[in-house]
Amino acid sequence: QVQLVESGGGLVQAGGSLRLSCVASGSILSINVMGWYRQAPGKQRELVATIGSGGSAHYVDSMKGRFTISRGNAKNMVFLQMNNLEPEDTAVYYCWAVTLKNDYWGQGTQVTVSS
């Protein structure tokens, strides 16, 4: 089992920045890939970015250049640096981790971008 806890969300003005953090606990050695998803009101949950255990990162095209995903040295943490935020980025952001057997989700952290 893996537990994920996010932090770092909040209210920011358009053009501002936020850094989300996610800490994994439990069977962290079994984690292969970690990432971030988001869900805006009335919309489906969508992928933001993923990062493998070796550090290879992948982004949804619309996030490239503004968002940066990284993992901590201990490999049980994942971060999402979000710059030049837009009102359309308002959503609940979820941390995600996948092992060979299952995938896991955090509770989510709210990001609100005001215009």
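Okay, here's what the table says:
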{"quantity": "Under Karplus coefficients 6.51, -1.76 and 1.60, residue-wise ³J(HN,Hα) of region 63-69 in Hz, glycine/proline x", "calculated": "9, 4, x, 10, 10, 9, 9"}
{"quantity": "Per-residue ³J(HN,Hα) for region 31-40, Karplus 6.51 cos²θ - 1.76 cosθ + 1.60, θ = phi - 60°, Hz, x for Gly and Pro", "calculated": "6, 9, 10, 10, x, 10, 10, 9, 9, 8"}
{"quantity": "5 angstrom amide H check on V33, placed H, neighbours 5+ away", "calculated": "V98"}
{"quantity": "Trypsin sites (Lys or Arg not before Pro) lying in DSSP loop within region 35-64, provided at most 16 other Cβ fall within 10 Å", "calculated": "K43, R45, K64"}
{"quantity": "Sequence-distant aspartates and glutamates (8 or more away, or on other chains) whose Cα lies within less than 20 Å of K64", "calculated": "E46, E86, E88, D89"}
{"quantity": "Accessible solvent surface per residue of the chain, calculated while the other protein chains remain in place, 1.4 angstrom probe, Å²", "calculated": "53 Å²"}
{"quantity": "Cα lying deepest toward the dipole's positive end in the chain, options S27, N83, S7, charges on Cβ", "calculated": "S27"}
{"quantity": "Percent carbon-and-sulfur accessible area, the chain, ignoring ligands, DNA and RNA, probe 1.4 Å", "calculated": "50 percent"}
{"quantity": "Placed amide H near V48: partners under 5 Å, 5+ positions off or other chain", "calculated": "W36, Y37, R38"}
{"quantity": "Using θ = phi - 60° and Karplus 6.51 cos²θ - 1.76 cosθ + 1.60, couplings along region 12-24 (whole Hz; Gly, Pro as x)", "calculated": "9, 7, 4, x, x, 10, 9, 10, 8, 10, 9, 10, 9"}
{"quantity": "Set of lysines near K101 by C-alpha distance (under 19 Å), chain-local residues within fewer than 8 positions excluded", "calculated": "K75"}
{"quantity": "Net +/- balance of residues flanking S17 in space, Cβ distance below 13 Å, scoring K and R +1, D and E -1", "calculated": "0"}
{"quantity": "Dipole magnitude of the chain, debye to nearest 20 (Cβ charges: Lys/Arg +1, Asp/Glu -1, about Cα centre)", "calculated": "240 debye"}
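The values are calculated or read from the model by the stated rules, or taken from the named source; none is laboratory data. Computed from a predicted model, the values in this text were never measured in an experiment. Positions of Cβ are generated from backbone atoms using ideal geometry, with glycine treated the same way; all protein chains shown enter the neighbour counts. Note: areas computed on protein heavy atoms with side chains; ligands, DNA, RNA excluded. Shrake-Rupley method; radii C 1.70, N 1.55, O 1.52, S 1.80 Å.
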